[in-house]
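Written out below as structure tokens is the structure these notes cover.
The values are calculated or read from the model by the stated rules, or taken from the named source; none is laboratory data. Given the structure is predicted, the values throughout are model-derived calculations rather than measurements. Reconstructed Cβ throughout: ideal geometry from the backbone, glycine too, with neighbour counts over all protein chains shown.
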Amino acid sequence: MARKKENAVIISQQMIAQDIYSMWIKTDAAKEAVPGQFISMYTNDGSRLLPRPISICEINRGEESLRVVYRVTGKNTGTELFSRMKAGDTIPVLGPLGNGFPYKETLGKRVFLMGGGIGVPPMLELAKQMDCEKKQIIMGYRNAETFLRDEFEKYGEVYVSTEDGSVGTRGNVMDAIRENQLEADMIYACGPTPMLRAIKDYAEKNNIVCYLSLEERMACGIGACLACVCQTKEKDHHSNVNNKRICKDGPVFLSTEVEI
Amino acid sequence: MDMRVNIAGVEWKNPVTVASGTFGSGAEFAEFVDLNRLGAVTTKGVANVPWAGNPTPRVAETYGGMMNAVGLQNPGIDVFRERDIPFLRQYDTKIIVNVCGRSVEDYCEVVERLADEDVDMLEINISCPNVKEGGIAFGQDPRAAEEITKAVKKYAAQPVIMKLSPNVTSISEMAKAVEAGGADAVSLINTITGMKIDIRRKTFLLANRTGGVSGPAIHPIAVRMVYEAANAVKVPVIGMGGIVSAEDAIEMILAGASAVSVGTANFYDPAVTVGIVNGIEDYMKEQGFETVADMTGIVK
């Protein structure tokens, strides 16, 4: 019973693309966080009670700080409230939550790190920490606002796809793989469900070990409310039905264990 | 000053429990809150066989609250008995098992199988708005509610709390019906049926289309219904619905609740219940109340 909701202090915040914000916070959650985990962020507005699950983009253990990069989902939303906060403000958070990407098995392997849209940010800390033979980072965006791209360049070969074709391959991340004739022994991916479905299909056809980070609407964020379940191939021990909890059993799953 | 309450012959160390479905069976919350501090833990509803629940999305935020249509996903009574009861027994708190079903037989089977288990009370959920059969079907018709209470009571070894729905014309009538059926206590309110539409995607936010609204937005409705029910029956009332603070809980007690359940607020802060227990204690000291029973229903 050692963990609790805490007031994190905002170190800095900036808009890095249309509706995309980058925030550094000082928080105890940084002490144990690993790539692929998330934190619950709460508004200070009592009319918006539920936590927003936001993936961790970067971890600075030394300074006990975390970076989150999130999308403002619309007018009068909780994420819009977050975007108006300034350095020095406090933001209630709980975390780190969920399980990160298992990435110790990548030594000597050719790897794809794939992110789509707001699924791009969690791949950054993973790209920093991963040790592998060939790190191929494939990022899918809507348009030329290829946020975080420069930061990824430091850690591997970056390939970009855009829906409007303004930068890189026109289309999605799968089109970028085909166009650049890329190959991998392992895949790590986060993004919208249609993208993950295509990657799961590709990985299974080619017998590639593939980890997917899933997303679903959550309430508690800690595995109690059973809101954010995903269908699984096998009956799991906790639910005794084919429903794993994304917040607690995930958000990272082997592609072969989930039905998406 | 004495925080203990007696609910149908079972002594809780304080009047605070958690609302079924918001707390699992306590295991996930144990990391964040000392379960020994709670008067009782009310478990997620359990049925005779595992239930897969509804498709996702199962939750949506609403102004001052949320909606859910989880659909009573649960692992079934076998896993519950092996895993959840022994887990909760490690703590010094009462165990209230919430029971759900699709037919009278389903409910009775679960209740019978709990008879020789080390649990303290049963809460019968006849008010879930999110499952088609069972659940709400029993909770909106006084005669059906009385009948199922009678049936369950035949098999129950522990005191039976009937959990009532607010989606009725007269909560007093429902409370009287289950009392007549032999209920040892009533708990209310379950969630209020609602609907939310995504205006961009032009469709329902929840896969189930409708869901149960909970959270502080519904608190005044819950207080009113607790008041009405408490004035209609002699059995104890466990009050719930939008409690997020000690003040909200005290309102419910003054309206007639002998104990309270905290639900949606657990999602806002997993340790919220402990603050509510402490806040009730502070209020009793400040106001000179010796017992919780001294406060119950004094607003007439």
* To do: Quick one: B:CYS100 ticks every box in (1) within 10 Å of chain A (Cβ to nearest Cβ); (2) touching a Leu at 6+ places or on another chain (Cβ under 9 Å); (3) within 22 Å of A:LYS244 (Cα to Cα) except a single one, so which number is it?
  => (1)
* Selection within the range A:51-62 - over 17 Å from A:THR90 (Cα atoms) and part of a loop (DSSP other than H, G, I, E, B) -> A:ARG61, A:GLY62
* Asked: Here are some conditions: (1) within 14 Å of chain A (Cβ to nearest Cβ); (2) crowded, with 24+ Cβ neighbours inside 10 Å. B:ILE199 meets all but one. Which one does it not meet?
  -> (2)
* To do: Could you tell me which numbered condition B:ALA246 fails, if it satisfies all but one of (1) hydrophobic (A, V, I, L, M, F, W, C); (2) more than 14 Å from chain A (Cβ to nearest Cβ); (3) farther than 28 Å from A:ILE91 by Cα?
  => (3)
* Structure fact -> Going through the range A:65-83 in order, the residues found to be away from chain B (no Cβ under 13 Å) and assigned to a loop (DSSP other than H, G, I, E, B) are A:VAL72
* **Members of the range A:139-149 that are within 18 Å of A:GLU58 (Cα to Cα) and either in a strand (DSSP E or B) or not β-branched (Val, Ile, Thr) (or both)** => A:MET139, A:PHE147, A:LEU148, A:ARG149
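Tell me, please, whether a residue that is within 14 Å of chain B (Cβ to nearest Cβ) and either of a type in the set (A, V, I, L, M) or closer than 15 Å to A:GLY140 by Cα (or both) can be found in the range A:208-215.
Yes.
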* When you look at B:GLY241, is it under 30 Å from B:PRO55 (Cβ atoms), within 12 Å of chain A (Cβ to nearest Cβ), buried (at least 16 other Cβ atoms within 10 Å of the Cβ) and in contact (Cβ under 8 Å) with a residue 40 or more places away in the chain, yes or no? -> no
* To do: Confirm whether B:GLY71 is at pLDDT below 95 and within 13 Å of another protein chain (Cβ to nearest Cβ).
  => yes
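Between A:GLY108, A:GLY95, A:GLY117, which is free of Cβ contacts under 8 Å to residues at least 60 places away in the same chain and at positive phi? Lay out the reasoning, then the answer.
Values: A:GLY95 fails: free of Cβ contacts under 8 Å to residues at least 60 places away in the same chain; A:GLY117 fails: free of Cβ contacts under 8 Å to residues at least 60 places away in the same chain.
Answer to the selection: A:GLY108.
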* Asked: So which residues in the range A:129-144 are surrounded by 15 or more Cβ atoms within 10 Å (Cβ to Cβ), out of contact with any Gly (no Cβ under 6 Å at 6 or more places or on another chain) and of a type in the set (Lys, Arg), if there are any at all?
  -> A:LYS134
* **Residue within the range B:258-281 that is among the charged types (D, E, K, R), within 14 Å of chain A (Cβ to nearest Cβ), surrounded by 21 or more Cβ atoms within 10 Å (Cβ to Cβ) and free of Cβ contacts under 8 Å to residues at least 60 places away in the same chain present** => no
* Please name all residue pairs, on different chains or six or more residues apart, with Cβ atoms under 6 Å, provided the first residue is in the range A:198-214 and is under 23 Å from A:GLN37 (Cα atoms) and the second residue is surrounded by fewer than 22 Cβ atoms within 10 Å (Cβ to Cβ) and polar (S, T, N, Q). => A:LYS200/A:SER255; A:ALA203/A:SER255; A:CYS210/A:SER255; A:LEU212/A:SER255
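Let's see how each residue does on (1) facing chain B (nearest Cβ under 7 Å); (2) touching a residue at least 40 places away in the same chain (Cβ under 8 Å):
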{"site": "A:GLY223", "(1), (2)": "yes, no"}
{"site": "A:CYS230", "(1), (2)": "no, no"}
{"site": "A:GLU234", "(1), (2)": "no, no"}
{"site": "A:ASN240", "(1), (2)": "yes, no"}
{"site": "A:CYS247", "(1), (2)": "no, yes"}
{"site": "A:PRO251", "(1), (2)": "no, yes"}
{"site": "A:SER255", "(1), (2)": "no, yes"}
{"site": "A:ILE260", "(1), (2)": "no, yes"}
* Please enumerate the residues belonging to the range B:55-72 that are within 18 Å of A:GLU259 (Cβ to Cβ) and buried (at least 24 other Cβ atoms within 10 Å of the Cβ). => B:ARG58
